[in-house]
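Have a look at the structure below before the remarks.
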Amino acid sequence: MTDIDVLLQEHRKFPPPDAFARAANVSDPGIYERAAKDYEAFWAGCARELEWSKPFSRVLEWKPPRATWFRDGELNASVNCVDRHARGARRDKPALVWEGEPGDTLTLTYAQLLDQVCRFASVLDSLGVKKGDRVAIYLPMIPEAAIAMLGCARIGAVHSVVFGGFSAESLRDRIVDAQAKVLITADGGFRRGHVVPLKKNADDAIAETPTIEHVVVVRRTKEPIGGSPASMKAGRDQWWHDLMAKASASRPATAMNAEDILFTLYTSGTTGKPKGIVHTTGGYLTQCAYTTKAIFDLKEDDVYWCTADVGWVTGHTYIVYGPLANGATCLMYEGAPDWPAKDRFWELCEKYGVTIFYTAPTAIRAFMKWGAQHAKKHDLSKLRLLGSVGEPINPEAWMWYREHIGGDRCPIVDTWWQTETGATMISPLPGITKTTPGSATVAFPGIFAELLDNNAKRIDVGGGLLAITKPWPGMLRTIWGDDERYVRTYFSKWPGRPDLYFPGDGAKRDDDGYFWILGRVDDVLNVAGHRIGTMEVESALVDHPSVAEAAVVGKAHELKGQALAAFVTLREGTKPTTELNVELREHVANKIGAIAKPDDIIFSADLPKTRSGKIMRRLLRDIAEGRTLGDTTTLADPAVVAALRDQYEGLES
Ligand code: WT7
């Protein structure tokens with residue numbers, strides 16, 4: 001684990017620049033103590049910054065592992081994100097500034113966004129969608145994605161956004177699990193100059209999803225769908241623009257109880273089936289809005305850009321709900337960072353005068369590799385704050401980001417959180433915290449993070465398991481359709497302590513009490529900022545008729561953080577060929593999506609197993625990363641690993 005040593009030798013500290021600190025939304029370090037003393041009062045104060053149609057009188061009810069926040073209050077997320085701005089001084093302020101990959105653009109002011117959200121809410125009404133019904137959204141990064149989410153929120157329908165890079169099968173599984181009634185998709189989306197055939201994938205998915213009654217299709221690429229326009233299925237499929245044109249632009253928001261579900265979002269776990277993480281309205285929106293204001297220091301004139309996709313939680317919280325709840329101007333970009341050229345992001349920053357920029361370490365490492373000359377071509381002087389999320393950022397990447405993008409003047413906020421936490425949990429406050437490259441620093445005010453050992457004993461300095469020791473407003477409330485798994489996965493790590501949340505990450509704490517997130521301790525990998533369960537990839541491989549058994553492990557990768565290496569045993573009579581190797585990688589892409597394609601596939605007559613038959617992934621990781629093998633004494637057949645290692649080395653050379 002050389003990475004850990006490197007991190008621990010990191011002592012550079014960057015205090016907030018004076019001018020930044022003076023003007024910051026949050027500048028009083030006393031906030032930490034105040035929030036710690038009475039975290040319920042702290043979060044209630046944050047919640048009161050939202051607009052409630054019925055104020056709450058109760059704050060937290062905590063019967064571990066169940067929490068409710070603001071449970072007798074009523075509010076609507078779309079009102080908080082749109083109406084209250086459109087009603088006032090922000091009426092004509094740009095809410096969403098969008099650019100498509102081909103260079104087409106669209107700006108929606110808060111008033112225009114309200115018109116669109118109301119119309120879409122009316123469309124959902126007309127399709128028979130009721131409060132509590134699930135709506136699946138499978139769209140590219142276009143304004144309609146935000147409009148669809150907010151339209152669902154307006155009527156109390158539960159949105160379930162599925163990342164546009166997922167395959168038809170992944171979409172199908174998520175629709176089936178959520179029992180969604182309506183699917184919102186597009187004819188396609190643009191990615192690196194190609195058209196992603198979303199409608200075709202959607203058609204394949206729906207063929208096996210009995211619950212979908214209606215499909216609303218955004219015309220994005222204007223390419224014929226699946227070869228011919230005829231694949232709009234009569235009675236089921238309708239064009240977005242047709243429905244929106246006829247729809248009423250005044251649709252009052254449905255009052256939602258604070259604990260009514262706002263959305264579900266699927267995320268990878270250690271077993272094959274993705275988990276539908278359930279988020280409710282009041283607590284989620286509170287933490288979402290307040291962390292956006294405090295961590296990104298959002299001011300009236302900022303132009304804020306989060307480069308995530310709305311298909312991930314980052315897009316939910318920090319493209320749609322957080323920034324819009326704060327009345328911000330948000331840039332949204334459809335495509336790839338290197339299309340048509342490697343300076344596309346910096347061109348966008350210059351063109352739109354981006355002041356706050358939030359991206360992932362995997363992107364920063366790619367920018368580093370491409371070279372600083374691409375950023376140098378553009379005027380990035382308006383940038384005043386940089387953010388990072390999704391995986392540990394290595395100190396070199398942090399320093400590069402600071403120097404070449406941030407001009408050595410912008411504070412960097414490295415934000416640790418998860419789909420399950422709803423919003424940021426550990427992060428600097430840019431006007432207060434001295435940052436240090438590679439550390440997400442300290443828990444946000446009102447959030448309680450600790451390092452524990454296996455016996456729930458607190459570790460003050462050193463390595464351990466990250467734990468959240470008190471409930472927080474944005475926490476997941478359950479797993480859709482599998483409440484028992486909620487308890488088992490998140491609140492059973494420390495026996496007899498159902499009050500301790502286990503995020504699944506290991507971390508270190510330094511002498512200053514700063515957290516250094518080290519990554520997942522379970523069989524979940526972080527590939528280019530995407531959480532991928534090894535089990536899901538293994539299931540996809542085993543699904544192929546030639547495969548008998550598969551074990552997938554992560555190996556360090558320069559750009560992606562981690563890459564997948566798959567060890568595959570073939571069925572009797574099947575020959576390991578280069579063609580099969582290619583076919584299996586494609587098979588995984590079709591089953592799950594291209595993000596889950598293994599970099600390496602190693603065919604093996606056997607897999608290293610313990611005598612009880614458990615695959616020894618630790619050894620496979622050693623092999624994949626070219627390390628000396630650890631303890632092999634528990635192996636049933638030690639010859640297996642030696643053979644595998646020889647094979648792997650052959651592959652690398
Ligand atoms: C996992 C959550 C949070 C939105 C994007 C991913 C890793 C996330 C950081 C960070 C180190 C990080 C953790 C976490 N992670 N942010 N700043 N430093 N690791 O959401 O798909 O739910 O993944 O991403 O391992 O558990 P997600």
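All of the numbers you see were taken from the coordinates with simple rules; none came from a lab. The model shown is predicted, which means the values in this text are computed figures rather than measured ones. When we count neighbours, we look across all protein chains shown, and the Cβ atoms used for this are built from the backbone with ideal geometry, even at glycine.
Legend: calculated FRET efficiency, residue 51 to residue 621, from the Cβ-Cβ distance at R0 = 41 Å, rounded to 0.05, equals 0.25.
For the chain, the antiparallel share of DSSP beta bridges with both residues in that region comes to about 60%. Of all DSSP beta bridges confined to region 528-652, the antiparallel ones make up roughly 75%. Between residue 336 and residue 542, the modelled label-to-label distance comes to 3.4 nm, taking each label 7 Å out from Cα in the direction of the beta carbon. Among 403, 259, the ranking by other beta carbons within 10 Å of each residue's beta carbon, starting with the fewest, stands as 403, 259. Region 27-72 and region 109-175 have Cα centres spaced 29 Å apart. Near residue 374, once Lys and Arg are set to +1 and Asp and Glu to -1 for all other residues with Cβ below 10 Å from its Cβ, the sum equals +1. Packing order of peptides 394-402, 25-33, highest average first: 394-402, 25-33 (average count of other Cβ atoms within 10 Å over each peptide's residues). For the chain, the mean residue ellipticity at 222 nm estimated from helices alone is -8000 deg cm²/dmol, where every DSSP H run of n ≥ 4 contributes -39500 (n - 2.57) and the total is divided by all residues, rounded to the nearest 500. Counting beta carbons within 10 Å around each of 480, 69, 494 and listing the fewest first gives the order 494, 480, 69. Placing a pseudo-label 7 Å from each Cα along the Cα-to-Cβ vector at residue 639 and residue 376 gives an inter-label distance of 5.8 nm. Pull out a ≥ b ≥ c, the square roots of the eigenvalues of the alpha-carbon gyration tensor of region 306-416, then state rounded if a/c is under 1.5, prolate if not and a/b is larger than b/c, and oblate in the remaining case. The shape class here is rounded. Under the classification rounded if a/c is under 1.5, otherwise prolate if a/b is larger than b/c and oblate if not, where does region 528-652 fall, given a ≥ b ≥ c as square roots of the Cα gyration tensor eigenvalues? Oblate is the answer for region 528-652, as a/c is 1.5 or above yet b/c matches or exceeds a/b.
Put a dot 7 Å past each Cα toward the Cβ at residue 176 and residue 369; how far apart are the dots in nm? Each label point is offset 7 Å from its Cα along the Cβ direction, giving 3.5 nm.
Put in order of Cβ neighbour count within 10 Å, fewest first, the listed residues 248, 492 become 248, 492. Largest first, the three principal axis extents of the alpha carbons in the chain are 72, 63, 56 Å in whole numbers. With R₀ set to 41 Å, the beta-carbon distance separating residue 614 from residue 460 gives a calculated FRET efficiency near 0.75. For region 442-585, the spread of Cα positions along the three principal axes, ordered from largest to smallest, is 57, 37, 26 Å.
Dipole magnitude for the chain: about 1180 debye, using +1 per Lys or Arg Cβ and -1 per Asp or Glu Cβ, origin at the Cα centre.
Between the listed residues 132, 171, 449, the Cα displaced farthest toward the positive end of the dipole of the chain, a dipole computed from Cβ unit charges relative to the Cα centre, is found at 132. Considering the options 41, 322, 360, tell which one lies farthest towards the positive end of the dipole of the chain, charges being +1 on Lys and Arg and -1 on Asp and Glu at the Cβ, about the Cα centre. Selected residue: 41. Remark: region 528-652 carries a charge dipole of roughly 400 debye about the Cα centre, counting +1 on each Lys and Arg Cβ and -1 on each Asp and Glu Cβ.
Summing Cβ point charges (Lys, Arg +1; Asp, Glu -1) relative to the Cα centre of region 298-425 gives a dipole of roughly 280 debye.
Positive-end ranking of 581, 546, 593 along the dipole of region 528-652, with charges on Cβ about the Cα centre, is headed by 593. Taking a Cβ cut-off of under 15 Å around residue 143, the surrounding Lys, Arg, Asp and Glu residues balance to a net charge of -4, with basic ones at +1 and acidic ones at -1. Using the Cβ-Cβ distance between residue 469 and residue 87 with R0 set to 60 Å, the FRET efficiency from 1/(1 + (r/R0)^6) comes to roughly 0.90. Cross-link partners for residue 457 among the lysines, with Cα-Cα distance under 26 Å and sequence neighbours closer than 8 places in the same chain left out: 37, 63, 470, 493, 508.
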